[in-house]
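Data first, discussion second: the structure below is written as structure tokens.
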Amino acid sequence: MSALLATDGLTKTFGGIVAVDGLDIAVDESELVGLIGPNGSGKTTTLNLVTGFHAPTGGAVLFDGDDVTGMKPYQVSKRGIGRTFQISKPFGRMTVFENMLVPNVPYGPKEREERIWKLLEELHLDHVAEHRADALSGGQKKLLELARVLMLEPKLVLLDEPAAGVNPALMDEIIADIKQINERGTAILVIEHDMSVISELCERVIVMNAGRQVTTGTFEEIRNDERVREAYLGGA
Amino acid sequence: MTVEAVRLAVDRVRSRLREDARTRNGKLFAAITALAVFAPVMFSPYRLEIVMQLLIVILAVASWVFVAGYFGMFTFAHAALYGVGGYAAVILAAEMGVHPLASILLGGVVAGLFSLPISYPVLRLSGAYVGMVTLAYAEIIYYGTIILRDVTGGPTGYTGFPQLFGGDRVVMYYFVLALVVALMLAMYALLVNRFGLVARAIRESSDAAQMLGNNVPRYKLTGFLVGSSIAGVAGALQAYNILIISPPMLEIDQMIEFMAMGIIGGLRTFGGAVFGGIIVFGFSEVLRDIGELRLVVWGALLIVVTLYFPDGIAGSSFDVRKRFQEWFDR
Ligand SMILES: Nc1ncnc2c1ncn2[C@@H]1O[C@H](COP(=O)(O)OP(=O)(O)OP(=O)(O)O)[C@@H](O)[C@H]1O
Ligand SMILES: [Mg+2]
């Protein structure tokens, strides 16, 4: 079986900095994969390359059997890749419900509304549906971003630090939600610095350093890997 | 777009109109519109001229709020495009025999075409860069109208073109009123539908809007073109209204006036253009005698509004009756 998402020698340089350096990673259908690495190792840049916010300097992105390299973000989104951002980007002056109307989905208004309420209930946001999004807590904003992306019924969701700035009470909820979304068949690639979240969530972890994949394996495997320790301790 | 989609959009406009009509702003607009309809019987001919200019200014400001307030494309070229619409209309009518009424719409089309060269940077750049590019473009157009003497009449302006409706001012007034209301409604219809929702999303985070499957560049281009074209129509109306068009109409002072109106009225609320237009235009009529000092008054007004009503007058929840009651109860 070929992978759902694969990068092939993906490279991005910013002036003199090589942010992503001949990266080959893959995510299979329905897989829940962690992407970790020290600060500045190129994780967010990888997401930006996959979702079309940056044009790669070299290499290719393959998704669901097609070459999606260089496509615009909205085109990538139409093909089934959803994404949240490292810094939450809720539409703050809109209500939570209005936020849910922004995804470009092909349903009529009635079906759309039903789906919105279903997702808001699932992600525990139904009671704040009429609140302005900028009045939500950090964790609720992350949940809203997740709910919004799920409106598109993506095949793959890329999450950039979904647990950052979330209070511990909401953390368990977010972890449970991500697991549930994955159990229904959506593949997920999650970037996270909190190792307890990664060990809780991920079947497999990809470790990046200096724009390359250092290794990949289960959490137990990578935890005992000398190269991983070096990447984090050696200061790249 | 299917028939079904159009029907849904129209339904949406109707229900939003019903909703909005019950708000404080809605009631004020209803009163203002009623006043406008009866203006020819209530006001002296001189006053009527002023009301007509006010209507045109409101349309121009609304078209700027459409672009700057909803999409966050803070363009300084709007007054220049307003002027381009004016020049284009009267030149087409006078030199090429285009029917004056048709020339007004064509003025809008030409203004839209003139917005294209800056649409690429406006779509791609953000914040201060959009301001700089559009400001430079506005200056080019302004000097163009002065230098291209053979076409534009140079610094003294262009005049001697045919009048509308044989100079009947009351008919002219109702024509202006109808066109302004129609175009305001058209923008309102766009804004209360998906177009406006996505525009607001783009203003807050164009990345997130795009990642949610929306073709952001196309929305922005459409918004920029529609706003610029409507500014052109407003400019054409203004030219026919005052029977001359000259470079000051598209000077930066004019732009600052539009911006002051939009910001004071409220950039987040389409109706802000109406309030801002009335307030600033009213002030500048009253303060006509103090000349350039008016700019100082607007500056002060801008500071007060941004401090106390960050969303402008229309976006504030200021309720006169309630404040009065509070003051009374003290
Ligand atoms: N738009 C950009 N322009 C210039 N350099 C950039 C840009 N985006 C990222 N970089 C650089 O590329 C490198 C990788 O950054 P990236 O944001 O991908 O790291 P990261 O792994 O997501 O780090 P963190 O864990 O801190 O979020 C860094 O050196 C960063 O400074
Ligand atoms: Mg990052």
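The values are calculated or read from the model by the stated rules, or taken from the named source; none is laboratory data. In this text, all values refer to a predicted model and were calculated from it rather than measured experimentally. Heads up, the Cβs are rebuilt from the backbone with ideal geometry, glycines too, and the neighbour counts pull from every protein chain shown. For accessibility, only protein heavy atoms count, side chains too; no ligands or nucleic acids. Shrake-Rupley method; radii C 1.70, N 1.55, O 1.52, S 1.80 Å.
Close contacts from region A:36-53, counting a first residue that is in contact (Cβ under 8 Å) with a residue 40 or more places away in the chain and open to solvent by less than 10 Å² (accessible area, probe 1.4 Å) and a second that is near ligand 2 (Cβ under 8 Å from one of its atoms) and basic (Lys, Arg), with Cβ to Cβ under 7 Å and a gap of 6+ residues or different chains, come to A:Gly37/A:Lys43.
Please indicate, with yes or no, whether at least one residue in region A:218-232 is in contact with a Cys (Cβ under 9 Å, 6 or more places away or on another chain) and without any contact (Cβ under 8 Å) to a residue 24 or more places away in the chain.
Initial filter on region A:218-232 (in contact with a Cys (Cβ under 9 Å, 6 or more places away or on another chain)): A:218-219.
The next check asks that each one be without any contact (Cβ under 8 Å) to a residue 24 or more places away in the chain; those that pass are A:218.
Yes, region A:218-232 contains a residue that is in contact with a Cys (Cβ under 9 Å, 6 or more places away or on another chain) and without any contact (Cβ under 8 Å) to a residue 24 or more places away in the chain.
Which is more than 19 Å from B:Val98 (Cβ to Cβ), among the small types (Gly, Ala, Ser) and within 14 Å of chain A (Cβ to nearest Cβ), of B:Ala189, B:Ala231, B:Ala208? Even if it seems obvious, please write down each step before you answer.
Details: B:Ala189 fails: within 14 Å of chain A (Cβ to nearest Cβ); B:Ala231 fails: within 14 Å of chain A (Cβ to nearest Cβ).
Residue meeting the stated conditions: B:Ala208.
Across region A:12-35, the qualifying residues are those that are more than 15 Å from ligand 1 (Cβ to nearest atom) and open to solvent by 10 Å² or more (accessible area, probe 1.4 Å), and the one among them that is farthest from the chain's Cα centre (by Cα) is A:Asp24.
Each row is one residue, and each column tells you yes or no for (1) of a type in the set (A, V, I, L, M, F, W, C); (2) at pLDDT 95 or above.
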site: A:Thr84; (1), (2): no, no
site: A:Ser88; (1), (2): no, no
site: A:Glu113; (1), (2): no, no
site: A:Ala129; (1), (2): yes, no
site: A:Asp134; (1), (2): no, no
site: A:Val157; (1), (2): yes, yes
site: A:Gly165; (1), (2): no, no
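Residues in region B:244-267 that are more than 14 Å from the chain's Cα centre (by Cα) and outside any helix (DSSP H, G or I): B:Ile244, B:Ile245, B:Ser246, B:Glu251.
It is to be established whether one or more residues within region A:45-67 are more than 16 Å from ligand 1 (Cβ to nearest atom) and among the polar types (S, T, N, Q). No.
Could we say that B:Tyr82 is closer than 25 Å to B:Tyr158 by Cβ and crowded, with 18+ Cβ neighbours inside 10 Å here? It is true that B:Tyr82 is closer than 25 Å to B:Tyr158 by Cβ and crowded, with 18+ Cβ neighbours inside 10 Å. Filter region B:60-114 down to the residues that are of a type in the set (A, V, I, L, M), farther than 20 Å from B:Thr222 by Cβ and not in a helix (DSSP H, G or I) and list them by number. Selection gives B:Val98 alone. Among the residues examined, A:Gly42 qualifies as within 13 Å of ligand 1 (Cβ to nearest atom), under 25 Å from A:His193 (Cβ atoms) and among the small types (Gly, Ala, Ser). Scanning region B:14-51 for residues that are in contact with a Leu (Cβ under 8 Å, 6 or more places away or on another chain) and buried (at least 16 other Cβ atoms within 10 Å of the Cβ) yields a total of 3. Of the residues making up region B:118-160, those that are open to solvent by less than 50 Å² (accessible area, probe 1.4 Å) and among the hydroxyl-bearing types (Ser, Thr, Tyr) are B:Ser119, B:Thr134, B:Tyr137, B:Tyr142, B:Thr145, B:Thr152, B:Tyr158. Selection of region A:143-162 for residues being surrounded by 22 or more Cβ atoms within 10 Å (Cβ to Cβ), within 16 Å of ligand 2 (Cβ to nearest atom) and part of a loop (DSSP other than H, G, I, E, B) yields only A:Pro162. Considering every residue within region A:75-85, establish whether at least one is more than 17 Å from A:Phe14 (Cβ to Cβ), within 16 Å of ligand 1 (Cβ to nearest atom) and of a type in the set (Ser, Thr, Tyr). Checking region A:75-85: at least one residue is more than 17 Å from A:Phe14 (Cβ to Cβ), within 16 Å of ligand 1 (Cβ to nearest atom) and of a type in the set (Ser, Thr, Tyr). B:Gly85 is checked against (1) at pLDDT below 95; (2) within 20 Å of the chain's Cα centre (by Cα) and fails just one. What number does that condition carry? With respect to (1) at pLDDT below 95; (2) within 20 Å of the chain's Cα centre (by Cα), B:Gly85 is out only on (1). Of all the criteria given as (1) more than 13 Å from the chain's Cα centre (by Cα); (2) within 10 Å of another protein chain (Cβ to nearest Cβ); (3) buried (at least 21 other Cβ atoms within 10 Å of the Cβ), the one not satisfied by A:Asn104 is (3).
Among the residues of region A:176-220, write down those that are assigned to a strand (DSSP E or B), within 16 Å of ligand 1 (Cβ to nearest atom) and buried (at least 23 other Cβ atoms within 10 Å of the Cβ). Within region A:176-220, A:Leu189, A:Val190, A:Ile191, A:Val205, A:Ile206, A:Met208 meet the criteria. A:Gly80 - would you say it is surrounded by fewer than 20 Cβ atoms within 10 Å (Cβ to Cβ) and within 16 Å of ligand 2 (Cβ to nearest atom)? No, not satisfied. Whether any residue in region A:122-138 is of a type in the set (Val, Ile, Thr), away from chain B (no Cβ under 14 Å) and open to solvent by less than 50 Å² (accessible area, probe 1.4 Å) is what I want to check. For region A:122-138, residues of a type in the set (Val, Ile, Thr), away from chain B (no Cβ under 14 Å) and open to solvent by less than 50 Å² (accessible area, probe 1.4 Å): present. Counting only strands (runs of 3 or more DSSP E) that sit wholly inside region A:6-65, those with at least 2 residues that are within 16 Å of ligand 2 (Cβ to nearest atom) and away from chain B (no Cβ under 14 Å) are A:17-23, A:32-36.
Annotation: A:Arg115 fulfils all but one of (1) within 12 Å of another protein chain (Cβ to nearest Cβ); (2) open to solvent by 20 Å² or more (accessible area, probe 1.4 Å); the unmet one is (1).
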